[in-house]
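The values are calculated or read from the model by the stated rules, or taken from the named source; none is laboratory data. This one's a predicted model, so the numbers in the text were calculated from it and none came from an experiment. In this analysis, Cβ positions are derived from the backbone assuming ideal geometry, glycine residues included, and neighbour counts consider all displayed protein chains. With ligands, DNA and RNA removed, areas are computed over all heavy atoms of the protein, side chains included. Shrake-Rupley method; radii C 1.70, N 1.55, O 1.52, S 1.80 Å.
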Amino acid sequence: MDAERDRRSRMERLEKQYEDAPGAYRARLALWAALGYVVLASGLVVAAGLCISLIVLAVSRPLEDWRIAFPIILLGMLAVTLLRALWFRSSPPEGHSLEPGEAPVLREEVERIRREVGAQRLHGIVIDASLNAAAAHVPDGFGLRQRHYLVIGLPLLRLLDRHELASVIAHEFGHFHGGHGRFGGWIYRVRVSWRRLLDGFSAGSTSQLFFWFFRWYAPRFEERSMVLVRRQEYAADAMAARVAGTVPAATALARVHLAMDWLERRFWPDLLRPAHIQSHPPAQVHLQLARALADWREHQDTVPAWVRKERPEPEDTHPGLAQRFAALGVDLDRSLGRPGPAAAPSMLDEALLDRLEQRFSREWLEAARPGWEARHRAAQEAERRLQVLAESDTRTPDEWLEYAALLEEHRPATDAVPIYREGVRQRPSHATGHARLGILLLRQGQGEEGLEHLERAMRLMPSLAPSLLRELHDHLPATPEPDGLHAAARQLHRTFGQQTDAPPPGDDDFQPHALEDVSLQAVRRVLASHPRVVSAWLVRQKASGLSVLPHYLLLLEWGGSVASEQAAIPRLTAQLTLPGTFTVLTTTGRTPLLPRLRARAGEPFYRR
């Protein structure tokens, strides 16, 4: 059984345990939460007690053996490390903290919703650069007191109208309010505390035993608490529907979900494409994002078919969109309708909007510059390779497909369809070649032939189905045609909509990366800018996904908490550039793939 199926099976088993006996499940979860406190308290009592005893012994009975100082120092360091790990420094989330008098309209709306929900008083409102909102609990001191912040992303304010934004704010206040019960709120805070604790341990050499315990314990506690956490999301959705209405709550969920997918598959790839010809990244990214979001929201008025087939990953804290719609009692097939005016212009004054866009654009520019420059250098290498392939009189099947992919990427004005056709003619079993050819044919209006190649690709490699079904939705004509194109597309959704699991790769799928030192140095520079990266391994994998170019697996040993890893990995990934596609994995992921990958890679190519 592969790792994903194994995790899904565990989650389904835990879900069933909760459904069968919720009281017993909560009791076991409470014991798991208490285990962490017991280990910490025991370690602190033992370390402090032994240290004090040795000090008393050394003072009351002077000993000639001065080596007694060593255990005193070590035990003292361990006790201090445990205390420091338990002590939380209070600082607001990253972003722009609204000053008194700033954004009064937004403040009034937030306060209105807070009172209606009955949530605790806010310590601040933070606007950041994400397409998201969050209830941030920041513990003070030893975590006995919590400070509450509401984080709202500027792109979210650009995406949603005021009614939809109200539902999102009410959802987040649902977490503050604890509508899911005191026990659920406590479990939520314990999850955050163990992540922070692991961060505190990771830097202390005297606390390695505790660090490894919590590295083992924290993911298992998170997995067992996931059932409750997902139910908290349902409760927060219900709060959003009560405050803002069921329809705004549902459309807000759908718009955010679809916009995130659009950002990942369309906006960011298109933004990075000029790296082929220019050596510096664009300066006004968030202005471009605002304009692109405004255009996208006007044209995205339906929920695509692929959304109904999605299932949450085992590590996802949120249920799937289909499950959340069902809990709200809303039909997922409904039209989203035309959105109202975006919330940002009416809730933030023009001067503040401009300052935020300028700030977030500067921050993105600084973070993106190393990766952009490396991407530009890689593009120049690809241009040279493209020239070699263009001048070649004889090409192997793989070289035909590589040539087509390079043309598609670097010569968008050149039609790569004939090259792909020749490549798949010579290599009929090449799934990604059929996939790219099918997508290009759809874009050119040759839907019937395009669907044939997409179906061939999904039969050859079922794991391509989720991505190809999304592409199919993007490129089908808006109005059904009489030739049955939409009917054929619906049949593909019925046939391949559930085929999302890929077979686990074998050892032969991993090969040496064979990268030149200049490419490795670019990767090392990015890794060096993230202090939690301890070591890194790199291998080349047989082509996967929708790319016919080389695919690399980058494995990182992360020296911090799961929370810090989840926050940093997307930023790190955006800064990386490799001559092909790549996937970033971490050693905290418990999957049988990782030991074989690390063994195949050999020595790390990067160490801190």
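Worth pointing out:
This table checks each residue for (1) of a type outside the set (Lys, Arg); (2) open to solvent by less than 10 Å² (accessible area, probe 1.4 Å); (3) under 27 Å from Arg338 (Cα atoms).
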{"site": "Glu102", "(1), (2), (3)": "yes, no, no"}
{"site": "Arg115", "(1), (2), (3)": "no, no, no"}
{"site": "Leu122", "(1), (2), (3)": "yes, no, no"}
{"site": "Ala133", "(1), (2), (3)": "yes, no, yes"}
{"site": "Val138", "(1), (2), (3)": "yes, yes, no"}
{"site": "Arg147", "(1), (2), (3)": "no, no, no"}
{"site": "Leu159", "(1), (2), (3)": "yes, yes, yes"}
{"site": "Glu164", "(1), (2), (3)": "yes, yes, yes"}
{"site": "Ser167", "(1), (2), (3)": "yes, yes, yes"}
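- Set side by side, the residues Ala367, Ala343 differ, and just one is open to solvent by less than 70 Å² (accessible area, probe 1.4 Å) and modelled with pLDDT of 90 or more, which is Ala343.
- When the test is whether a residue is out of contact with any helix residue (DSSP H, G or I) (no Cβ under 8 Å at 6 or more places or on another chain), modelled with pLDDT of 75 or more, charged (D, E, K, R) and farther than 23 Å from Phe221 by Cα, Glu64 does not pass it.
- Residue, farthest from Ile277 (Cα to Cα), within the range 410-428, restricted to residues that are open to solvent by 70 Å² or more (accessible area, probe 1.4 Å) and within 32 Å of the chain's Cα centre (by Cα): Pro412
- Within the range 220-274, the residues that satisfy the criterion of being within 17 Å of the chain's Cα centre (by Cα), open to solvent by less than 30 Å² (accessible area, probe 1.4 Å) and not charged (D, E, K, R) are Met226, Val256, Leu258, Ala259, Leu263, Phe267.
- Any hit, the range 346-357, residues being in contact with a helix residue (DSSP H, G or I) (Cβ under 6 Å, 6 or more places away or on another chain), at pLDDT 85 or above and closer than 23 Å to Met239 by Cα: yes
- Qualifying strands (runs of 3 or more DSSP E) (wholly inside the range 526-605; at least 2 residues being among the hydroxyl-bearing types (Ser, Thr, Tyr), at pLDDT 65 or above and open to solvent by 40 Å² or more (accessible area, probe 1.4 Å)): 581-586
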